1. If the Cβ limit is 8 Å and pairs must be 6+ apart or interchain, which residue in segment 130-151 that is without any contact (Cβ under 8 Å) to a residue 60 or more places away in the chain pairs with which residue that is in a loop (DSSP other than H, G, I, E, B) and not hydrophobic (A, V, I, L, M, F, W, C)?
2. Could you list all residues from segment 184-205 that are more than 26 Å from the chain's Cα centre (by Cα) and either surrounded by fewer than 18 Cβ atoms within 10 Å (Cβ to Cβ) or β-branched (Val, Ile, Thr) (or both)?
3. Looking only at residues in segment 43-65 that are within 9 Å of Ala81 (Cβ to Cβ) and either touching a His at 6+ places or on another chain (Cβ under 7 Å) or hydrophobic (A, V, I, L, M, F, W, C) (or both), which one is surrounded by the fewest Cβ atoms within 10 Å (Cβ to Cβ)?
4. Name the residues in segment 48-72 that are under 22 Å from Leu98 (Cα atoms) and among the polar types (S, T, N, Q), would you?
5. Looking at Asp205, Asp158, which one is charged (D, E, K, R), under 30 Å from Ala114 (Cβ atoms), in contact (Cβ under 8 Å) with a residue 12 or more places away in the chain and not assigned by TED's automatic domain parsing to the domain that holds Ala114?
6. Give Glu63, Glu31, Glu50, Glu36 a once-over and let me know the one that is of a type in the set (D, E, K, R), at pLDDT below 60 and over 18 Å from Tyr123 (Cβ atoms).
7. Restricting attention to segment 268-277, does a residue exist that is at pLDDT below 80, assigned to a loop (DSSP other than H, G, I, E, B) and either of a type in the set (A, V, I, L, M) or surrounded by 14 or more Cβ atoms within 10 Å (Cβ to Cβ) (or both)?
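The values are calculated or read from the model by the stated rules, or taken from the named source; none is laboratory data. What you see is a predicted model, and the numbers here were worked out from it, not measured in a lab. Cβ: placed from backbone, ideal geometry, glycine included. Neighbour counts: every protein chain shown.
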Amino acid sequence: MSKIKIILIFFTFLFFNSCGKEVEKIKLIKETSQSEEVISAYKKGMNFFESGDYFAASKKFLEVEILLPQSKWAPKSVLMASYAYYLQGYYSLAIENLKRYFKTYPKDKNLAYAHYLLAMCYYETIEGEKKDLAPLILSKKELIFIIENYPDTDYAYDAKYKIDLINDILAAKEVYIGRHYFSKKKWIPALNRFKNVLNNYDTTDHVEEAIHRLVEIYYILGMEEESLKYAALLGYNYNSGEWYKETYRIFNKEYKVFVRDKKKEKSKILSTIKSLF
C-alpha cells in the first residue's frame, strides 16, 4: 500500500471513527421509521467497508443520501462513498461524487477532509513529466486551498509535503520540454522553459540543470555576458555539482569532465572478491 493511501486512511479513520460513535449514540434515541432506515443503511455501509467490500459499501452509502438527503448522515455518506471509490481506484467516480458534495453541502463541517480527498484523487492519476499534467495542476490547486483555508489541520501539514513533490514533477516537465526545444535549436522557447524552472521551482533538484542550460544557450547565441552571469549563479550555488563541471567546460574547452566507468569498477570489485576464495 502506498504511503499516500496510508496517510489518507489515517485521516479517514478519524472521520470514520467520529461517524461510528454518532451511530452508537443515535441508537439510544427513538427515531422515526425513515430515520431508522437511514441509520440501518449507513451501518450496513460501514460493515461492508470494514470487511473490504468497497464496491458494496459505496452503493450502500449513496443509498443513505437518497433515503434522506436533508439528514446529517447524507454528507457523511457521500464522503464515505467517495473514499470507497478512491480505494478501488475509481478516481473519476470519486471526483464526480466529491464535486456534487461541494455543491450540495457547502457548509458541511467535513469540507477540509473532502478537499484533501479530492486532491488525492487527482494526485493518484499523475503519471510523470511526459504525460498530461492537468490532474497534477488540479491537485496542487486543492492542496493550496487547504493550506490557505485550513492551516491548522493535519491536512495542511501533509499538503505542504505533497506540493513539494508536485513542484518537482512540474519542474521536470519544464526541463523535458526545454531539452526538446534545445535539440531542435529553438533557443527562445528553450530559454523560457529553463527560466521558468529557475523562477518558479528553484527549490527542486532540476534548477541546477536549468541554470546550466541557460549558460549553454546564451553562449551559443553569442551573449557571453548573460552566459557568464548564469555561470556565476551556478558556481555560487552548485560549485561541486556535475552540471557546474559541464558549465566550466563551456568556457574552458580543454577541461575534461571525469566520468566514472561503472562497468570497469564493477568488474574490478568482482575480481577482488574472487581473489578472496
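1. Pro135/Thr125; Ile146/Thr153
2. Lys184, Lys185, Lys186, Trp187, Ile188, Pro189
3. Step by step, filter segment 43-65, then rank; the result is Leu62.
4. Ser58, Gln70, Ser71
5. Asp158
6. Being of a type in the set (D, E, K, R), at pLDDT below 60 and over 18 Å from Tyr123 (Cβ atoms) holds for just one of Glu63, Glu31, Glu50, Glu36, which is Glu31.
7. Scanning segment 268-277, I find at least one residue that is at pLDDT below 80, assigned to a loop (DSSP other than H, G, I, E, B) and either of a type in the set (A, V, I, L, M) or surrounded by 14 or more Cβ atoms within 10 Å (Cβ to Cβ) (or both), so the answer is yes.
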